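Worksheet: one structure, shown below.
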Amino acid sequence: MLFESIILGNMEVPNRFVRSATHEWMAEPDGTPTDRIGGMYEELARGEVGLIITGYAYVNPNGKSDNLQQGIYDDKFIEPYRKIVSRVHEHGSKIVVQIVHGGRQTMMSASNPVILAPSPVTNKKNGVTPEEMTEAEVLESIEDFANAARRAKEAGFDGVQLHVAHGFLLSNFISPYTNRRKDRWGGSTEKRTQIILDIIDRIHEMIGNEFPILVKLNATDGFPKGTKNVLDAPECVEIAKILAANGVCAIEVSGGIVEAGQEMFRTKIKSADSEAYYKGYSKMIKEAVDVPVMLVGGIRSKVVMEQMLDEGYADMISLSRPLICEPDLVTNIKNGETEVAKCVSCNLCSDESGIKCNYDFDNSDREHS
Ligand SMILES: Cc1cc2nc3c(=O)[nH]c(=O)nc-3n(C[C@H](O)[C@H](O)[C@H](O)COP(=O)(O)O)c2cc1C
């Protein structure tokens, strides 16, 4: 099944492999995507990754989260993205841009001294208390996301993925921990999800209903089990159902916010048991929605990939770190040359000079990770 095609909205993806969004630290300081990024995506497309999701692209400079992050906040980005998209399409892969506002995890800087979030909940990781967004600021952000989708369509992308995971703005909205609002965007599960529906409506108004809208969804904030008033199952299933019923054509299941620890990219994945660490969530979500579900997080071996598809945990396999290490992993699995990804999940690939595998396979003990 790994090499069967699948339809997401009106997009046909040639196989079940997804390059999960991965920030590359390769854009210009103003967010312009570079040839270097295009080269990386082309290599992944040549390696037969069916669907490539870009690194997170910020929809407004007031929501930039990291250095050398790519942007999509201005029409000047359409042309450079168009070149990148065509490099991927030449090899038959699809490409979707992940769009984000940093919310509570925005990078504070001289030009951006105010951190915006649904509610002023202090981030215990860095001591920063964000400002509660006014109604006007929420409406502006909805407009920013919709304009980003318009630019994505104009650049030839096959769709957009709304980043509703990992503690950025839209994930702040869906979590009761970070959203304490009392207006129409806070309170019940439906109200915390409403901003996403507003973005989808605005995208539809701007560019019609056909452009695929995907979501990367936090199933859990990632705090210790039993922590009260945080996002977790079963609420994430309700959120997924709302999204699937309102125009989202595929849901990628992830988890974790920065404040809860580095839960989204775990280390020490040494056996099949520790792989696919969000599979319990994706199974619940897949059983509840009728759109394809992608699973990300620690998937390393062909046997687990097949199990995820065969046993109804997911429809697609999303990979981040393994494809930094081996951009040709998919081809190698297809040819029977590889059964397990080389990636040891050490996270040394988070490299501000541009992501790359920095693990020293010759001189390191695999147990290191
Ligand atoms: C260097 C690096 C950058 C990442 N950037 C993003 C990003 O831009 N957007 C996103 O949704 N997830 C991002 N992630 C998380 C991955 O997409 C993925 O969810 C996580 O690494 C677990 O999958 P893996 O075990 O296959 O690496 C990043 C991960 C890494 C290691």
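Listed here are the residues, each with its yes/no results for (1) of a type in the set (Gly, Ala, Ser); (2) open to solvent by less than 10 Å² (accessible area, probe 1.4 Å); (3) within 16 Å of the ligand (Cβ to nearest atom); (4) within 18 Å of the chain's Cα centre (by Cα).
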| residue | (1), (2), (3), (4) |
| --- | --- |
| Ile199 | no, yes, no, yes |
| Ile239 | no, yes, no, yes |
| Ala244 | yes, no, no, yes |
| Glu263 | no, no, yes, yes |
| Arg266 | no, no, yes, yes |
| Ala288 | yes, no, no, no |
| Gly297 | yes, yes, yes, yes |
| Val304 | no, yes, yes, no |
Pairing a residue in region 319-336 that is without any contact (Cβ under 8 Å) to a residue 24 or more places away in the chain and within 10 Å of the ligand (Cβ to nearest atom) with any residue that is among the basic types (Lys, Arg) and open to solvent by 30 Å² or more (accessible area, probe 1.4 Å), where Cβ atoms lie under 8 Å and the two sit 6 or more apart in sequence or on different chains, gives Pro322/Lys342
I'd like to check something: does region 270-286 contain any residue that is open to solvent by 10 Å² or more (accessible area, probe 1.4 Å), within 14 Å of the ligand (Cβ to nearest atom) and in contact with a Phe, Trp or Tyr (Cβ under 6 Å, 6 or more places away or on another chain)?
yes
By residue number, the members of region 321-356 that are assigned to a loop (DSSP other than H, G, I, E, B), over 22 Å from Pro14 (Cβ atoms) and open to solvent by less than 50 Å² (accessible area, probe 1.4 Å) are Cys343, Val344, Ser345, Cys346, Asn347, Cys349, Asp351, Gly354, Ile355
Exactly one of Thr134, Thr129, Thr122 is open to solvent by 30 Å² or more (accessible area, probe 1.4 Å), of a type in the set (S, T, N, Q) and touching a Pro at 6+ places or on another chain (Cβ under 8 Å), and that one is Thr129
Can you name the helices (runs of 4 or more DSSP H) wholly within region 70-179 that have at least 2 residues being among the basic types (Lys, Arg)?
78-89, 135-155
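The values are calculated or read from the model by the stated rules, or taken from the named source; none is laboratory data. This one's a predicted model, so the numbers in the text were calculated from it and none came from an experiment. Glycine also receives a Cβ, built like all others from the backbone with ideal geometry; neighbour counts cover every protein chain displayed. Areas reflect the complete protein model, heavy atoms only, side chains present, ligands, DNA and RNA absent. Shrake-Rupley method; radii C 1.70, N 1.55, O 1.52, S 1.80 Å.
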